[in-house]
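Down below is the structure, laid out as structure tokens.
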Amino acid sequence: MLETIERALGAHRVLEPRGALPQAALRLDADPAIGPDEVRIAVERLNLDAASFRQLSESCGGDGEAVRAAVLEIVEARGKMQNPVTGSGGMLIGVVDAVGSGSPLGLTVGQRVATLVSLTLTPLRLTDGLTAWDGRSEQVPAAGTAILFARSIAAVLPDDLPDPVSLAVLDVCGAPAATARVVERTGARRVAVLGAAGKSGSLSLAAARAAGAADLVGLVRNDAEAAALGASGLADRVVVADATDPLAVAAAAGTPADVTVVCVDVPGAEHGAVLATAEGGTVVFFSMATSFSAAALGAEGMAADVTMLVGNGYTPGHAALALDLYRSNAGVRSLIDPRVEA
């Protein structure tokens, strides 16, 4: 029984340290030969998560070649894409090219899919040196192989949307689903979203509205984002503040929110999010740059009675919900489309 669970979770692919699960492992075995319960994907495109890409770009001084070399080095050394600084990865799209006889995922050879599990736990092997990528965008044209386990998740790519759009939306599909769930469960009326003009932020605003929230505040970092968000119609009020400046966030947000959703891709937004949330309210952290200790100890130091949730990226039905929000909401499309590389 234990061996079955280990295989389903991918523990048999862990090279170092033994006993760890794939996400926490330092190295994975990315051998493309699959076991009976595994699926192999022929990789077409990676999507690096926003926090990881920003960190890599900043550490490389915006040098695209250096960013490309850094990603290749990480994948070669670790057998997966896991930024050693942010601890985050992203996801990918590709074609199913081998399915083990005992795989429970229901995938068939030839299907084009997006993986809905993180690259930080996905055995990955790159074979093209990422030569088609300039290192200046989150979406990475790539060739190689990736392995899915019995407990992995993948979604068949829709026929009606371009691949880059599907990849961008599915990369953050956990955020709107979790936002909708929290708003529905708490009956929240006022919702604030930090980083509201981005992919996850725009989808979270749309999800909150659909779930019954009546007063939506979108916080962005500059006037250009404020203009774009204002034109989208997704927020009832748009405010500009540095998400890493707690007092500025609290002042800009005004009346504390029942639910605050954090979608920024830089560290340091924890305290502002807590200050922007009403007593008894809920903060949902959907940023890979979030520090648990900063959030927990900061809330304690403020004597803030708030529930803090870490978005784990998975809620049943999250892929379909995000894609439907994109299809049905012109405001969402107006913010996501300009960010997507054709």
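The values are calculated or read from the model by the stated rules, or taken from the named source; none is laboratory data. All values derive from a computational prediction rather than experimental measurement. Cβ sites come from the backbone with ideal geometry, for glycine too, and all protein chains shown count toward neighbours.
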Q | Per-region count, the stretch 44-72, residues among the basic types (Lys, Arg) and under 19 Å from the mean Cα position of the chain (by Cα) | A | 2
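Okay, residues lined up against (1) crowded, with 16+ Cβ neighbours inside 10 Å; (2) among the hydrophobic types (A, V, I, L, M, F, W, C):
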| position | (1), (2) |
| --- | --- |
| Arg7 | yes, no |
| Arg13 | yes, no |
| Ala24 | no, yes |
| Arg40 | yes, no |
| Leu46 | yes, yes |
| Glu65 | no, no |
| Val71 | yes, yes |
| Gln82 | yes, no |
| Ala98 | yes, yes |
**Q.** Which numbered condition His12 fails, given (1) in contact (Cβ under 8 Å) with a residue 40 or more places away in the chain; (2) more than 27 Å from Glu138 (Cα to Cα); (3) in contact with an Asp or Glu (Cβ under 7 Å, 6 or more places away or on another chain)
**A.** (1)
**Q.** Test: Glu58 is outside the structural domain of Ala319 (by TED's automatic domain parsing), among the acidic types (Asp, Glu) and without any contact (Cβ under 8 Å) to a residue 40 or more places away in the chain
**A.** yes
Q: Could you list all residues from the stretch 312-327 that are closer than 18 Å to Ser287 by Cα and of a type in the set (Ser, Thr, Tyr)?
A: Tyr314, Thr315
